[in-house]
Amino acid sequence: MSRDDFPCWDILQSESVLTLATADAYGSWSAPVLYATCHNDKKPVLYFLSAHSSRHIKNLPVNGSAAGSIYVSYQGDWQAIKGLQMQGVIAEVDKQSKSRWESIYFKRYSEIATIINNPVSEQQKKIATAFERSGKFSFTPSLIRLTDNSAEFASRNQWTFE
């Protein structure tokens with residue numbers, strides 16, 4: 001997938017924090033996660049790591065419905081605000097897809113792979129253990145809306161995926 005196929009690809013590739021939002025009986029909740037992106041069948045898929053006990057994972061409805069957002073860092077110019085708002089589904093990666101998840105995620109975050117595979121301190125051993133216990137998840141958007149104030153105030157484009 002490239003910018004020609006999907007204009008938001010540059011943002012997905014250049015940023016690293018996805019904020020996920022879910023809700024439960026106690027209310028809404030959002031959580032930032034590091035993500036790595038790829039595409040399946042001409043739609044983006046964002047891979048992330050999260051504890052099964054985290055509120056944003058425990059809050060997931062049966063259908064995995066969630067919202068997400070990614071924004072380019074603010075540099076003091078409101079006309080440069082640019083980011084993505086997304087609606088989609090979170091799913092735990094199955095055993096057959098785990099190696100693909102790992103290759104994409106750890107290619108982007110090699111420092112995490114290094115800690116997991118070769119911890120050199122007690123703190124890194126604790127981190128490695130936590131990462132190993134964590135779930136490997138995907139967020140697959142069904143709708144992405146691009147906000148780009150540099151084009152025009154409140155300029156929005158939208159894409160849907162099946």
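Miscellaneous remarks
- Intensity falloff of the chain expressed as log10 I(q)/I(0), Debye formula with alpha-carbon point scatterers, at q = 0.09, 0.13, 0.21 Å⁻¹: -0.32, -0.67, -1.43
- Backbone phi angles across region 119-130, fed through the Karplus curve with coefficients 6.51, -1.76 and 1.60 (θ = phi - 60°), yield HN-Hα couplings of x, 10, 9, 4, 4, 5, 5, 5, 5, 4, 4, 4 Hz in residue order; Gly and Pro are listed as x.
- Legend: calculated FRET efficiency, GLN75 to SER99, from the Cβ-Cβ distance at R0 = 35 Å, rounded to 0.05, equals 0.40.
- Global form of region 95-136, assessed from the alpha-carbon gyration tensor, a/c cut-off 1.5: oblate
- The stretch between HIS52 and SER142, if pulled fully straight at 0.36 nm per residue, gains 30.1 nm over its current Cα-Cα span.
- Going by neighbour counts of Cβ atoms within 10 Å, the residues LYS43, LYS82 line up, fewest first, as LYS43, LYS82.
- Measuring how big region 89-162 is from its alpha-carbon positions, Rg and Dmax come out at 17.8, 51 Å.
- Using R0 = 22 Å, the C-beta based FRET efficiency linking SER14 and THR114 works out to 0.45.
- Point-charge dipole on Cβ atoms (K/R +1, D/E -1) for the chain, about Cα centre, debye to 20: 440
- Neighbour-count order for THR19, THR114, fewest beta carbons within 10 angstrom listed first: THR114, THR19
- Per-residue Cβ neighbour rank within 10 angstrom, fewest leading, LEU143, LEU49, LEU12: LEU143, LEU49, LEU12
- For the chain, the longest principal axis of the Cα atoms and the long axis of helix 98-108 meet at an angle of about 70 degrees.
- Taking the Cα centre of region 69-162 as reference, the dipole from Cβ charges on Lys and Arg (+1) and Asp and Glu (-1) amounts to some 280 debye.
- Distance distribution note for region 1-62: the fraction of Cα pairs above 20 angstrom is 38%.
- Bins of 10 Å from zero: percent of alpha-carbon pairs in region 46-114: 16, 34, 36, 13, 1
- Entries of LYS42/LYS107; LYS82/LYS126; LYS42/LYS98; LYS98/LYS126; LYS42/LYS125; LYS42/LYS126 with Cα pairs more than 27 Å apart: LYS82/LYS126; LYS42/LYS125; LYS42/LYS126
Just so you know, all these numbers are worked out from the coordinates, no wet-lab data involved. Remember, it's a predicted structure, so these values are computed and weren't measured experimentally. A quick note on method: Cβ atoms are made from the backbone with ideal geometry, for glycine too, and the neighbour counts reach across all protein chains shown.
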